[in-house]
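Taking it in order: structure first as structure tokens, then the write-up.
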Amino acid sequence: MSLNDELYDLSHGNDPARPYWNAARETMPPDAMRAVQLEKLKSQLAYLETHSVFYQKKFREAGFRAGDVASIEDLAALPFTTKAELRESQQEAPPFGLHQAAAMNRIVRTTATSGTSGHPVYQAYTRKDVARRSESVCRGFWGYGIRPGDRVVNGFALSMFSAGLPFNVAIEHLGAVSVPAGAERKAEGVLKIMRDIRATALVSTPSFASYLAEKAPEVLGCEASALGLRVVCGGGESGFEIPSFRREMERVWGTPHVYDWASASDAHPNVFAHCHVREGKHHLTPDLVLVELIDPATGELREMVDGAEGEYIFTHLDREACPLLRYRTGDVLRIRTTPCECGRTGFRMDIIGRSDDMLIVRGINVYPAAVVSVVGEFLPRTTGKAQIVLRDKGPKVQPPLHVRVECNDGIDPGSASDLQGAIERKIRADLTVAARVELVRFGAFERTATKTKLITVEPA
Ligand SMILES: [Zn+2]
């Protein structure tokens, strides 16, 4: 079977007890994987040279020729691709832009970014892209322990979202029961479906998983743990990677299988996911997407060594409809390259922030996500939810950093000064910045199905 055909083999062996969805790819030694990546990179570049108006121009301007590429390092001769360029490209040639590289009659799916930071960017997929996407999701879900027979409830927003309906197609591909409940049903609707369908797995944002557990007694007259779920997983925001938040989710849902997930709409089929060890998320798709780290300020490549930090950029290796090269995601990672006991060979990572919401507090770089992680250590007295309050738009902030923290049910913000002091000391110890913590009552933060806003600007 060729490199391209083998992913259409849905079985990957039919044994439900096997630990990996695709053992050949998930446990491939790094050197062998590097060789697969180079081979695929060459054909992806040759494809773009003949199919993408957008990259033809970039190649020309950089004096770059696909045929000259002899190593993965040669890719560095090309400039980055940015979200702003994709927006421009789609305005110039709607709907999918000048970077669309497959004919319209071969496009079978579209998704879109949320558009919270500008006009949405639309992604297109051919049939082959859809298969790759399902393959990538299956690698993660199989690792979580999801198997044929499981009833998997999708609690993400379904409308246009890349983790919406595409996840349900992937669940079918895995052979489990796809339950497209969707965050649009709100907590009440989703909980009732979970009960009726005898759900065994939930995939959603961590805030929605937490909210569902909170609402279960009111909606169903029982604790969430009585539903009998075996797997709770998802991502889209910080949460499932924080051990204290995870312990709380394990408690309320009554299962030890709580797992984190990370991907980005434009990056598909790229996937990072926890294995059962849960020390960082594995890069599960190195054969489909090349991931590299750069210094977010200078754009220089950083070596992928244990402990390295940097913004990750990706290059599609096996995409037809709208492949991207050296695309800047804005996500800043810290990586681990030591072997993992699960046997997967893809490096592991933790997201430590966004290069575009990085704050500078008296010369020190602070990522709001890192502040939320610290607050997460104070469960269950807090809900783990926190927001940075700025006087005006960053990135420069005068200390102390104003951090609003939500108390849990039954904790009175007015008489919890010890908690307030403890969080302030922990932020100073872990992130080396002075913070002023403002405690707010339980329920003060809006519960949404999507992301909790990490920064709010409130002029004095
Ligand atoms: Zn592992």
Quiz item: Over the chain, with a single point scatterer placed on each C-alpha, what log10 of the ratio I(q)/I(0) does the Debye formula yield at q = 0.13 1/Å?
Solution: -1.27
Quiz item: Gap in Å between the Cα centre of the range 382-460 and the Cα centre of the range 318-346?
Solution: 31
Quiz item: How large is the dipole of the range 116-179 about the Cα centre if only Lys and Arg carry +1 and Asp and Glu carry -1, each at its Cβ, rounded to the nearest 20 debye?
Solution: 120
Quiz item: What residues qualify as long-range amide H neighbours of Glu311, i.e. H under 5 Å apart, gap of 5 or more or another chain, H built at 1.01 Å from N?
Solution: Ile294, Leu333
Practice problem: Pick out, from Leu227, Pro217, His316, the residue whose Cα sits farthest towards the positive end of the charge dipole of the chain, with +1 on the Cβ of Lys and Arg and -1 on the Cβ of Asp and Glu. | Solution: Pro217
Quiz item: So what is the calculated 222 nm ellipticity per residue for the chain, using -39500 (n - 2.57) for each DSSP H run with n of 4 or more, over all residues, to the nearest 500 deg cm²/dmol?
Solution: -9500 deg cm²/dmol
Quiz item: Between the DSSP loop rule and a limit of at most 16 other Cβ atoms within 10 Å, which trypsin sites (Lys or Arg not before Pro) in the range 137-228 are left?
Solution: Arg198
Practice problem: Pull out a ≥ b ≥ c, the square roots of the eigenvalues of the alpha-carbon gyration tensor of the range 46-95, then state rounded if a/c is under 1.5, prolate if not and a/b is larger than b/c, and oblate in the remaining case. | Solution: prolate
Self-check item: Only Lys, Arg (+1) and Asp, Glu (-1) charged, at Cβ; the chain dipole about Cα centre in debye
Solution: 620
Practice problem: Rank Val169, Trp142, Pro243 by how far each Cα sits towards the positive end of the charge dipole of the chain (+1 on Lys, Arg Cβ; -1 on Asp, Glu Cβ) and give me just the farthest. | Solution: Val169
Practice problem: Calculate one ³J(HN,Hα) per residue across the range 373-382 by plugging θ = phi - 60° into the Karplus curve 6.51 cos²θ - 1.76 cosθ + 1.60, and present them in order as whole Hz with x for glycine and proline. | Solution: 4, 5, 4, x, 6, 9, 6, x, 5, 9
Practice problem: No other cysteine beta carbon under 4.7 Å away is the test; run it over the chain and list who passes. | Solution: Cys138, Cys222, Cys233, Cys322, Cys340, Cys407
Quiz item: If r is the Cβ-Cβ distance from Thr432 to Glu300 and R0 is 35 Å, what FRET efficiency results, to the nearest 0.05?
Solution: 0.90
Practice problem: Just need the Rg to Rh number for the range 33-149, please, alpha carbons only, Kirkwood Rh. | Solution: 1.02
Quiz item: What is the local net charge at Tyr312, summed over the other residues whose Cβ is closer than 15 Å to its Cβ (Lys, Arg +1; Asp, Glu -1)?
Solution: -1
Quiz item: Which one of Val258, Thr200, Gly376 has its Cα pushed farthest toward the positive end of the charge dipole of the chain, where Lys and Arg give +1 and Asp and Glu give -1 at the Cβ?
Solution: Thr200
Quiz item: Mean 1/r over all different Cα pairs, inverted: what Kirkwood radius does the range 381-460 give, in Å?
Solution: 13.3
Quiz item: Which net charge results for the neighbourhood of His119, defined as the other residues with beta-carbon distances under 11 angstrom from its beta-carbon, given Lys and Arg at +1 and Asp and Glu at -1?
Solution: +1
Quiz prompt | Mean projection area, nm², convex hull over Cα of the range 88-230 | solution = 9.4
Quiz item: Given C-alpha coordinates of the range 247-311, what is the ratio Rg to Rh with the Kirkwood estimate of Rh?
Solution: 1.07
Quiz item: Expressed as a whole percent, how much of the Cα-Cα distance distribution for the range 317-373 exceeds 13 Å?
Solution: 72
Practice problem: Would you work out the relative contact order for the chain, in percent, from Cα pairs under 8 angstrom that are 6 or more residues apart? | Solution: 13
Quiz item: How high is the FRET efficiency between Asp418 and Ile197 when r is their beta carbon distance and R₀ equals 45 Å, given to the nearest 0.05?
Solution: 0.55
Practice problem: Grab the Cα-Cα distance for Ser43 and Asp15, subtract it from 0.36 nm times how many residues apart they are, and report the gain in nm with one decimal. | Solution: 6.8 nm
Practice problem: Of the DSSP beta bridges with both residues in the chain, give the percent that are antiparallel, rounding to the nearest 5. | Solution: 60
Quiz item: Any idea how far the Cα center of the range 48-120 sits from the one of the range 245-306, in Å?
Solution: 24
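Here, each number is a calculation from the coordinates, and none is a lab measurement. Note that the coordinates shown come from a computational prediction; the quantities given were computed from them, not determined experimentally. Cβ atoms come from the backbone with ideal geometry, glycine included; neighbour counts cover every protein chain shown.
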